[in-house]
Amino acid sequence: MTTSVATKTAVGYFRVSSTGQTGERHSSLETQEARFQEYCQRNDRLPLATFVDVVTGRRNDRKEYQRMIAYCKEYRPDEVVVQYLDRFGRNPREILQRYWDLEDHGVIVVPTDEDIKEELVLLIKAGVAGAESRRTSERVRANMSKAVAKGVQAARPPYGLKPVYQGKEAHWEIDPIEAPVVREMYDLAVEENLGYKAIADRLTAKGFQARGGKPFASYTIQRVLSNEALMGTLAYGKRPKKGNPQPEIVRVKGFFPAILTGDEWQRLQERLAIRRESSRGRTHSSQYLLSGIARCGYCGGPMAGKVGAAWKEKRYRNYWCSRATKSKALCAHYNGHSAPKLEQAILEYLGQYSDPDLVKDHLSAAETKEMLRRETELKQVEKALNDLEGQFTKHLDYLKRGVLSEEEFVKANGAAREKTAALQEKKAELTKWVEEQRDIISAAERLPQQINSFLEDFQQMDVRRQKAHLQTILKAAYVKRDEDRVTAIELEFRT
């Protein structure tokens with residue numbers, strides 16, 4: 001009598017997008033588990049655990065998958081068993097990366113219904129799985145484009161706009177009742193520097209109502225002011241489902257009649273982005289011009305405006321380092337400044353930058369030379385990536401024609417795979433740097449005109465409006481005293 005002893009261990013990973021999902025290559029959970037048990041019995045594997053996800057393969061935050069990875073790192077089973085490789089994901093790179101990650105930990109991936117004896121087969125299988133997902137996405141985008149061409153807008157009508165039907169055909173018009181409310185939202189956000197809740201409260205107080213006769217809520221204001229339809233653009237794909245990757249956004253300019261101009265839309269988005277930098281509204285509602293802008297030149301902390309104790313029937317307004325007022329351990333420097341004097345000093349210092357020549361001088365020749373160098377390097381990296389892609393395609397053609405064996409194909413592309421990963425990382429780094437520098441140059445070109453306009457209108461604005469305009473120019477003003485107790489100011493402009 002012979003006894004079969006299981007010398008290797010295995011865990012099973014099963015996934016479906018929904019509990020009722022069945023059909024070709026979309027096996028139910030019961031089928032996947034049955035395949036796992038059959039594989040273990042047939043190959044004398046000891047089943048240790050199973051992990052089940054009911055979620056789309058595009059999601060990267062699959063809890064059971066993450067638990068399975070942690071389990072493999074701790075207990076080191078010999079194999080992870082799946083029915084098909086696409087249980088790991090729909091993107092070829094994701095599938096391959098997850099396969100290699102497990103392999104690095106000494107765990108072999110075994111699909112019960114596929115053959116991956118050679119890395120070439122794995123590449124092809126992963127490509128097929130990814131191609132299926134890409135084809136689905138392409139069909140959705142193609143159908144969307146066709147629908148857009150026919151004047152179809154799939155979502156609810158944007159606030160401020162209404163469809164007018166002529167038979168089955170529809171065109172869009174500005175809603176005469178809602179559009180003025182949108183303009184009011186814009187003015188309250190941009191000119192008066194109000195947040196979503198404050199705008200909603202102000203509209204309700206004026207008797208305006210949202211659709212359905214309901215009072216405005218902060219999330220309603222946020223949704224309206226973030227909709228590109230306000231400047232006439234239809235944007236599709238901006239809000240993917242939770243856990244899914246960001247899809248390619250389809251934009252159709254001029255689809256709607258515009259309520260806001262392009263410049264107004266840009267100003268609105270800048271204002272909303274600035275408000276997001278401060279989690280609370282006190283920075284924006286404060287009657288101190290530099291709240292949210294002035295920062296301690298020693299520790300970098302925010303400087304808060306405060307009214308001092310009365311002396312000779314007069315109260316003095318000052319800016320203090322908020323960290324120093326809490327504890328000397330946070331900032332040990334006395335850094336208090338008279339509010340009127342500091343505000344006047346910063347406005348005078350700011351006025352110097354209304355000269356375009358002075359602004360250009362700040363963009364040094366060295367920075368310009370570095371910009372040219374990195375742009376050239378970026379082009380070289382992009383060319384190298386294109387060459388590697390062409391090389392892979394050529395090797396694949398040789399493989400199909402029998403010029404290369406499967407082993408030769410894998411060997412030829414092994415080094416290229418590592419080189420591609422390094423180049424892609426370098427491309428991302430260079431692209432980010434170049435885009436940031438272009439933003440800085442663009443902002444520098446606009447700066448003198450912005451400053452001139454601000455200083456001309458400054459006296460006619462209340463503090464809240466002054467601050468709203470100043471925040472679009474200055475990101476921070478670092479303030480401290482030098483050795484002679486003279487106030488030193490360093491400005492950080494917005495890019």
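Please treat every number below as a calculation from the coordinates, not as lab data. Only a predicted model underlies this, so the values are computations on that prediction, with no experimental measurement involved. Cβ placement follows ideal geometry from the backbone for every residue including glycine, while neighbour counts extend to all protein chains displayed.
At a glance:
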quantity: Convex hull per residue volume in Å³, alpha carbons only, for the range 283-495; calculated: 208
quantity: Extension gain from Gln287 to Thr431, taking 0.36 nm per residue of separation minus the Cα-Cα distance; calculated: 47.8 nm
quantity: Positive-pole candidate from Leu388, Asn413, Ile489, dipole of the range 283-495, charges at beta carbon; calculated: Ile489
quantity: Test item: Cα-centred dipole of the range 161-277, Lys/Arg +1 and Asp/Glu -1 on Cβ, debye; calculated: 600
quantity: Debye intensity ratio I(q)/I(0), log10, the range 425-495, q values 0.11, 0.12, 0.24, 0.27 Å⁻¹ (C-alpha model); calculated: -0.43, -0.50, -1.04, -1.13
quantity: Those trypsin sites (Lys or Arg not before Pro) in the range 266-348 that DSSP places in a loop and that have at most 11 other beta carbons within 10 Å; calculated: Arg280, Lys312, Arg315, Lys328
